[in-house]
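Shown next, in structure tokens, is the structure this report addresses.
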């Protein structure tokens with residue numbers, strides 16, 4: 001027999017558990033980025049040259065050094081474990097609404113996702129559904145494209161997460177602002 005006390009306990013437990021169950025079934029992309037990842041002006045070591053970009057993947061931040069000791073800080077998404085880029089590069093190319101094609105490594109690593117790009121030269125045209133978003137800054141080393149980009153995203157809730165195949169994702173409005181401020185040749189340091 002079901003008693004009133006058992007009913008109330010079960011109903012209360014169900015009510016308290018429901019939000020947790022809903023959150024657990026919600027995809028990670030549905031979780032909002034933390035306010036700390038919003039763009040803001042911050043201090044930075046004067047060792048970093050004005051005009052340069054410094055990226056701290058472990059902290060999910062990109063710093064555009066605007067003056068000695070000052071920077072604009074942006075929240076970013078970074079590479080999944082084992083896919084990250086570190087070192088020095090320069091912005092070798094800038095593209096508005098870039099086209100996209102997965103790298104050969106991406107096709108080999110995830111054929112279920114990217115297999116349709118195997119054995120051809122197909123590209124996704126630039127536009128609002130393109131994973132590179134509104135702008136892309138192409139990182140070069142020794143005059144060669146590294147295949148690493150600082151770019152916008154179609155997944156804004158990935159900011160503050162290890163989500164990419166190596167690139168650095170920014171909110172589209174933030175990468176548009178950065179794109180306007182940095183010329184080709186801008187030094188980029190990824191620590």
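Rule-based calculations on the coordinates, nothing more; no lab input. Note that the structure is a prediction, hence the values are computed from the model and not measured. Neighbour counts run over all protein chains shown; Cβ positions are idealised from the backbone, glycine included.
Using every pair of distinct Cα positions in the range 56-173, the Kirkwood expression returns a hydrodynamic radius of 14.9 angstrom.
Between the C-alpha center of the range 44-69 and that of the range 81-139 there is a gap of 25 Å. On the principal axes of its alpha carbon atoms, the range 111-186 extends 37, 33, 24 Å, with the longest extent given first. Listed by Cβ neighbour count within 10 Å, with the fewest neighbours leading, 83, 171, 139 appear as 83, 171, 139.
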